[in-house]
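Asks: Sharing a structure, written as structure tokens. Questions coming.
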Amino acid sequence: MEDTTQLISTLSSATDEEFETTLAGTQPRLVAAIQKFAKVLHEAGASTRIVGEDRRLSLSTDEVGRLSRRLGEVEVSEDVQSIDGVLLGVLPEARKFELKLPGEGGPIMEGAVSEDLALKYTSDAAFKERLLLQSVRAQVKIVRTRRNGRLVRERCVLEAIEPSVPKSGHEEA
């Protein structure tokens, strides 16, 4: 609660540059929740006061309106894509992955790993063995945060992964 109160305070009083920096470092779900909170308050013409153990925040109706307008410029979108590559590794404790994309010197995609997949990766040795340093098909959720149409943050989350099905180069008649 304390962190969220601080986040709302920062988003409501920050310069545009600080606002975007804060957005870039904030989980998209939290941004969406604060968007809804500010919109409901604004539409009701309400002010708010949040009191935590260490932090207090008061927003007048004008400040709520400003926060709601600023957050109204923010769009969070999610898109799940199937991506082929070679799984270089999963760090379950850190919930991170690396996937080498196809092609000579192909780029390496990095991102977060879903909690369910991290658990399966650590608890099922055969699952890990079939995937590590192998060609795989990954289901990756791409979460984009935009403000006024400009990309502020892009985050990749590995949701599922399976061994690639080899493509046959020649078909026999």
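Asks: Being of a type in the set (Phe, Trp, Tyr) and over 20 Å from the mean Cα position of the chain (by Cα) is the requirement here; does Phe127 meet it?
Replies: Values: of a type in the set (Phe, Trp, Tyr): yes; over 20 Å from the mean Cα position of the chain (by Cα): yes.
In short, yes.
Asks: Of everything in region 63-114, what is touching a residue at least 60 places away in the same chain (Cβ under 8 Å), over 17 Å from Leu23 (Cα atoms) and in contact with a helix residue (DSSP H, G or I) (Cβ under 7 Å, 6 or more places away or on another chain)? Give them in sequence order.
Replies: Within region 63-114, Leu87, Val90 qualify.
Asks: Right, something else. May I ask you to verify whether Ala112 is surrounded by 11 or more Cβ atoms within 10 Å (Cβ to Cβ), in the same structural domain as Leu132 (by TED's automatic domain parsing) and either part of a strand (DSSP E or B) or among the polar types (S, T, N, Q) (or both)?
Replies: Values: surrounded by 11 or more Cβ atoms within 10 Å (Cβ to Cβ): yes; in the same structural domain as Leu132 (by TED's automatic domain parsing): yes; either part of a strand (DSSP E or B) or among the polar types (S, T, N, Q) (or both): yes.
Against the criterion (surrounded by 11 or more Cβ atoms within 10 Å (Cβ to Cβ), in the same structural domain as Leu132 (by TED's automatic domain parsing) and either part of a strand (DSSP E or B) or among the polar types (S, T, N, Q) (or both)), Ala112 qualifies.
Asks: Does Ser12 meet the test of being among the polar types (S, T, N, Q), assigned by TED's automatic domain parsing to the domain that holds Val136 and in contact (Cβ under 8 Å) with a residue 40 or more places away in the chain?
Replies: Numbers: among the polar types (S, T, N, Q): yes; assigned by TED's automatic domain parsing to the domain that holds Val136: no; in contact (Cβ under 8 Å) with a residue 40 or more places away in the chain: yes.
Considered against the rule, which asks whether it is among the polar types (S, T, N, Q), assigned by TED's automatic domain parsing to the domain that holds Val136 and in contact (Cβ under 8 Å) with a residue 40 or more places away in the chain, Ser12 comes out as no.
Asks: Still on this structure: (1) assigned to a loop (DSSP other than H, G, I, E, B); (2) not assigned by TED's automatic domain parsing to the domain that holds Leu132: which one isn't true of Glu93, the others all being true?
Replies: For Glu93, the exception is condition (2).
Asks: Here is a check on your reading of the model: is Thr48 over 24 Å from Arg147 (Cα atoms) and of a type in the set (Val, Ile, Thr)?
Replies: So Thr48 fits the description; yes.
Asks: Can you go through Leu158, Leu133 and tell me which one is outside any helix (DSSP H, G or I), exposed (fewer than 12 other Cβ atoms within 10 Å of the Cβ) and not assigned by TED's automatic domain parsing to the domain that holds Arg29?
Replies: Details: Leu158 fails: exposed (fewer than 12 other Cβ atoms within 10 Å of the Cβ).
Every option except Leu133 fails the conditions.
Asks: Quick one: how many residues across region 79-99 are of a type in the set (A, V, I, L, M), farther than 13 Å from Ser135 by Cβ and crowded, with 17+ Cβ neighbours inside 10 Å?
Replies: Going through region 79-99, the residues of a type in the set (A, V, I, L, M) turn out to be 80, 83, 86-88, 90-91, 94, 99.
Of the ones still in play, those that are also farther than 13 Å from Ser135 by Cβ are 80, 90-91, 94.
Within this subset, residues satisfying the condition of being crowded, with 17+ Cβ neighbours inside 10 Å are 90.
The total comes to 1.
The values are calculated or read from the model by the stated rules, or taken from the named source; none is laboratory data. The model shown is predicted, which means the values in this text are computed figures rather than measured ones. Here the Cβ is made from the backbone with ideal geometry for all residues, glycine too, and neighbour counts use every protein chain on show.
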